[in-house]
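Participant: The structure under discussion is supplied below as structure tokens; questions concerning it will follow.
Quick note: the coordinates plus some simple rules give every number you see, no bench work behind them. Since this is a predicted model, take the numbers as computed values, not measurements. Heads up, the Cβs are rebuilt from the backbone with ideal geometry, glycines too, and the neighbour counts pull from every protein chain shown.
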Amino acid sequence: MPLIDALAPYYLWTKSLHLIAVFAWMAGLFYLPRLYVYHSQVAAGTPQSDLFITMERRLLRAIMNPAMIAAWILGIVLILTPGAVDWHAGWWHTKLLGVLAMTAFHGHLAVARKAFADGNRPHTERYWRAMNEAPTLLLVLIVVMVIVKPF
């Protein structure tokens with residue numbers, strides 16, 4: 001039995017763990033831009049700013065990064081599982097683009113966290129309010145592709 005075929009009996013477990021990782025990642029993607037909205041409202045170098053810096057660092061490093069890595073690894077294991085993906089269908093291409101965009105957004109948030117930690121304000125409060133909606137739009141796209149498989 002090839003290794004790839006050995007994945008099939010664990011498909012539902014892998015899928016469950018993948019969804020748990022995605023939920024944790026999404027929680028961070030929803031919350032970190034909101035922290036940036038509030039952080040934008042306080043002056044750099046203040047105790048409030050220092051608290052936001054700590055919260056942002058912990059959220060990114062302890063929750064978001066591990067969750068994103070787990071979501072990616074488990075997602076790759078899922079697509080390697082025989083029969084899990086119809087490679088002729090187009091929905092998975094769109095889903096993959098959505099996941100890549102989500103990952104790029106995660107990177108954007110990580111760069112912004114470093115800028116805030118250095119006492120800079122990379123964008124306005126209004127910008128972060130708008131960016132707070134990006135994960136929701138990407139989530140809708142990804143879920144529709146996976147569940148409805150419109151094409």
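Participant: Checking the condition farther than 21 Å from Val143 by Cβ and either outside any loop (DSSP other than H, G, I, E, B) or of a type in the set (Val, Ile, Thr) (or both), which residue from Phe30, Phe52, Phe23 passes?
Facilitator: On inspection, the qualifying residue turns out to be Phe52.
Participant: Restricting the search to the stretch 79-108, which residues are of a type in the set (A, V, I, L, M, F, W, C) and either over 18 Å from Val148 (Cα atoms) or not in a helix (DSSP H, G or I) (or both)?
Facilitator: Within the stretch 79-108, Leu80, Ala84, Val85, Trp87, Ala89, Leu100, Ala101, Met102, Ala104, Phe105 qualify.
Participant: State which residue pairs qualify: first residue in contact (Cβ under 8 Å) with a residue 60 or more places away in the chain and inside the stretch 126-139, second residue in a helix (DSSP H, G or I) and of a type in the set (A, V, I, L, M) in any location, beta carbons under 6 Å apart, and separation of 6 or more residues or different chains.
Facilitator: Trp128/Val37; Arg129/Val37; Pro135/Leu29
Participant: Another question about this same structure. Does at least one position in the stretch 84-97 carry a residue that is under 15 Å from the mean Cα position of the chain (by Cα) and surrounded by 15 or more Cβ atoms within 10 Å (Cβ to Cβ)?
Facilitator: Looking through the stretch 84-97, at least one residue is under 15 Å from the mean Cα position of the chain (by Cα) and surrounded by 15 or more Cβ atoms within 10 Å (Cβ to Cβ).
Participant: Another question, then. Listed residues Phe116, Phe105; which is within 15 Å of Trp72 (Cβ to Cβ) and of a type in the set (Phe, Trp, Tyr)? Please lay out each step first, then the result.
Facilitator: On the way: Phe116 fails: within 15 Å of Trp72 (Cβ to Cβ).
Only one candidate qualifies: Phe105.
Participant: State all residues of the stretch 54-64 that are within 15 Å of the chain's Cα centre (by Cα) and free of Cβ contacts under 8 Å to residues at least 40 places away in the same chain; if no residue qualifies, say none.
Facilitator: Within the stretch 54-64, Leu59, Arg61, Ala62, Ile63 qualify.
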